[in-house]
Amino acid sequence: MLTEPVPEGPASATERAFAAIERAAIAVASVAILAAGALVVGGIVLRAAGLSGIPDAELFVRDLMVIAVIVPLSAVAGRRGHIVVDLLVRRLPARLARAIDVATAVLSFGFLVPIVWSGVQNLQTAWTRDSYYDGALELPEWPGRLVFLVGFLTFFARSLHRLLTDTRRPPGGDA
Amino acid sequence: MDPVVLGVVAFSAAMVLIALRMPIGFALGGTSFAATFVLYAWPAGQAFDASRALRPTLSLVSNSSFTFIHSYELSLVPLYIALGAIAFRARITVDIYDAFRVLLGRLPGGLAIASIFGCGGFSAITGSSVACAATFSKIAVPEMLRYGYSPRLATGAVATGGTLGSLIPPSVPFAIYGIFAEQSISKLFVAGIVPGLLSMLAYVAVVVWWAARRPQDAPPPAETFTPAQKLAAVLRTGPAVLLFLIVVVGIYGGIFTATEAAAVAVAVALAIGVFGRRLSWEGFRAAMSEAAVQTATIFFVAIGAKMFATFFALTGVTNIVVDWIGHQGFAPWQILLAVVLLYLVMGMFLDPLGILLLTLPVLVPLAEGVRIDLIWFGVILIKMLEIGLITPPVGFNAFVVHSSLAGRVPLHDIFAGVWRFLVIEIVVVAALLAFPALSTWLPRTL
């Protein structure tokens, strides 16, 4: 189930900085969703008018999808919005539950580290080889790869910050 | 290491991590990464060598995640989520309930029937079961309670009616199923129409039966409406009907693909909101914020599931299971029954989207292996996910209704109201299993 956002105490400077980044990330992702929709609608309108569609519209939409999906991930981490199953752990003593949460959060980095690392490698490859997508405009690959890397880096940083603040909390404490 | 053993260990590890409250996306993605690394570093009959595993494993991580989301077809998911959020903030969805309330309110159980039809209409625009239950528990339940309806009937009708969101198009779970099962999302949307209507009518039948047996649970409201008021209420549903027509008729008529229908519906919903002065700037921002966060939340799990599916394909576990089942001579209906029971049990404890993404990597090849129609299979799975939303102890919609009413109706009363609907759900599932044409006839006419 989706976890409820946990109310926080007085925000630290780091927390405020992350909150500002996440607001910006959500705004960027929102624009990406609307832009993808606009490109699709634009294509339909042009098709209906008997004109050729927007060149490489599908490729633009695919790049916008990366923005829409990856950029707000830090906000999901910040709001504790991940889909989790807490049927078992919520019934455990607070101290044990906290220990399990910290342990699983540490294990989560076993996924984030390789994905960030591979993100760096893929960006390097796309940049140095000047890779581009097949299409009329020969759009470069690197912007999508860059967004992917930046999105996962902020997600990594936010998850790390969450882990550090959670370890300092008293067991069972929300803030 | 034997790939099959590794596959079983990885699956078990993912289950344990999920049970330990690790976010499902991390559990699936992390397990896939670690298990793929071991698969390449320690092939069967050879010594362990980490150096040969790093490159292919990282390639799997990057290709599975980036290529998966770098997709035109998938763009319909954020668009449908945005459509639901905008339609809700512009009060387009609420007008549907108002119209049914005005038209049907005086019938025995009329307000409960109106809330079920309202949920059906809401689902035809938003595709979110939880949003439907949350909205109607704030609008319809207080009204029913004010007119003396039994709290069990009022909350049971709304919690159950809310489940229609996944089956009636547009549906985000159908879109996700279509992507993983490589099936036409347009066909899946159309396939959900008859089962969705059948479910809705079944819920209405339960309310009619309930009101006939216990009239004191559903007294008719004193409020009456003039023909002019009824006409005005019906006319107010115009925007909702328009959005429904764009999505369903647009897809069925071959005018739009599922993605195009989503984009056009978002544009029209925004135009209705702005030019009809229904959507404030704050409402628009809130809707888009919801859409962005929900999109990222869903796709993070989907990325993990995609990696999990890729790892499973590498191990060959699914093929072995399919072959084994083939040799046992199980009939497709026996497989389907087993899947139904599996989803019924999982639905009692797990999040619907989690169940879907967790099981699809195994179940889709299995269904394909025994030649089950994947459109029909998808309808059965989504129907079972809906049922999971109201089965105790973790019937998510029951919790949503409970929380939306700030605890005014105890949880055990909500579940007590839901069980009558659960009985009819079993009848509906049996009908869908017995008559595949209920799910496959309409998409075949596309």
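Summary table below
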| quantity | calculated |
| --- | --- |
| Residues within the range A:110-142 that are of a type in the set (Asp, Glu) and surrounded by 16 or more Cβ atoms within 10 Å (Cβ to Cβ), tallied | 1 |
| Residue within the range A:57-77 that is part of a loop (DSSP other than H, G, I, E, B) and either facing chain B (nearest Cβ under 9 Å) or open to solvent by 60 Å² or more (accessible area, probe 1.4 Å) (or both) present | yes |
| First in the range B:15-43 and more than 7 Å from every other protein chain (Cβ to nearest Cβ), second anywhere and part of a loop (DSSP other than H, G, I, E, B) and acidic (Asp, Glu), Cβ under 7 Å, 6 or more apart | B:41/B:49 |
| Residues being assigned to a helix (DSSP H, G or I) and touching a Phe, Trp or Tyr at 6+ places or on another chain (Cβ under 8 Å) - total across the range A:114-142 | 9 |
| Test for residue B:89: is it charged (D, E, K, R) and buried (at least 22 other Cβ atoms within 10 Å of the Cβ) | yes |
| Residues located in the range B:400-412, provided they are out of contact with any Lys or Arg (no Cβ under 6 Å at 6 or more places or on another chain), under 13 Å from residue B:135 (Cα atoms) and part of a helix (DSSP H, G or I) | B:400, B:401, B:402, B:403 |
| Options B:7, B:25: the member that is part of a helix (DSSP H, G or I) and touching a His at 6+ places or on another chain (Cβ under 7 Å) | B:25 |
| Residue in the range B:222-248 that is farthest from residue B:188 (Cα to Cα), counting only those that are assigned to a loop (DSSP other than H, G, I, E, B) and not aromatic (Phe, Trp, Tyr) | B:222 |
| Residue in the range A:8-28 that is closer than 30 Å to residue B:256 by Cβ, touching a helix residue (DSSP H, G or I) at 6+ places or on another chain (Cβ under 8 Å) and touching a residue at least 12 places away in the same chain (Cβ under 8 Å) present | yes |
| Tally, over the range A:9-45, of residues that are open to solvent by 50 Å² or more (accessible area, probe 1.4 Å), farther than 27 Å from residue A:149 by Cα and in a helix (DSSP H, G or I) | 1 |
| Among residues of the range B:397-412, those that are polar (S, T, N, Q) and open to solvent by 10 Å² or more (accessible area, probe 1.4 Å), counted | 2 |
| Candidate set from the range A:78-93 (those that are surrounded by fewer than 24 Cβ atoms within 10 Å (Cβ to Cβ) and closer than 18 Å to residue B:292 by Cβ); member that is nearest to the other protein chains (Cβ to nearest Cβ) | A:82 |
| Lone qualifier among B:435, B:415, B:377 - being surrounded by 23 or more Cβ atoms within 10 Å (Cβ to Cβ), aromatic (Phe, Trp, Tyr) and at pLDDT 90 or above | B:377 |
| Members of the range A:79-96 that are assigned to a loop (DSSP other than H, G, I, E, B) and farther than 24 Å from residue B:299 by Cα | A:88, A:92, A:93 |
| Total residues in the range B:66-112, condition within 13 Å of chain A (Cβ to nearest Cβ) and more than 24 Å from residue B:247 (Cβ to Cβ) | 4 |
| Positions within the range B:136-148 being open to solvent by 10 Å² or more (accessible area, probe 1.4 Å) and of a type outside the set (Asp, Glu), in sequence order | B:138, B:139, B:142, B:145, B:146, B:147, B:148 |
| Residues being surrounded by fewer than 20 Cβ atoms within 10 Å (Cβ to Cβ) and within 24 Å of residue B:346 (Cα to Cα) - total across the range B:12-57 | 5 |
| Cβ pairs under 6 Å, 6+ apart, first in the range B:114-137 and modelled with pLDDT under 80, second of a type in the set (Phe, Trp, Tyr) and in a helix (DSSP H, G or I) | B:127/B:80 |
| Cβ-Cβ under 7 Å pairs, at least 6 apart or on other chains, the range B:53-65 side more than 9 Å from chain A (Cβ to nearest Cβ) and farther than 27 Å from residue A:67 by Cβ, far side modelled with pLDDT of 85 or more and part of a helix (DSSP H, G or I) | B:53/B:37; B:53/B:40; B:53/B:41; B:56/B:40 |
| Yes/no for residue B:421 being open to solvent by 10 Å² or more (accessible area, probe 1.4 Å), under 30 Å from residue B:138 (Cα atoms) and in a helix (DSSP H, G or I) | no |
| Flag for residue B:243 being buried (at least 24 other Cβ atoms within 10 Å of the Cβ), away from every other protein chain (no Cβ under 13 Å) and either within 15 Å of residue B:80 (Cα to Cα) or out of contact with any Cys (no Cβ under 9 Å at 6 or more places or on another chain) (or both) | yes |
| Meets criteria (buried (at least 16 other Cβ atoms within 10 Å of the Cβ), under 14 Å from the mean Cα position of the chain (by Cα) and of a type in the set (S, T, N, Q)) for residue A:154 | yes |
| Criterion (among the acidic types (Asp, Glu) and open to solvent by less than 30 Å² (accessible area, probe 1.4 Å)) met by exactly one of B:282, B:290, B:260 | B:260 |
| Residue identified as within 7 Å of chain B (Cβ to nearest Cβ), over 28 Å from residue A:16 (Cβ atoms) and open to solvent by 40 Å² or more (accessible area, probe 1.4 Å) among A:96, A:107 | A:107 |
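The values are calculated or read from the model by the stated rules, or taken from the named source; none is laboratory data. None of the values given here were measured: they were computed from a predicted structure. Because the Cβ atoms are built from the backbone with ideal geometry, glycine has one as well, and the counts that use them run over all protein chains shown. Heads up: the accessible areas ignore ligands, DNA and RNA and are worked out on the full protein's heavy atoms, side chains in. Shrake-Rupley method; radii C 1.70, N 1.55, O 1.52, S 1.80 Å.
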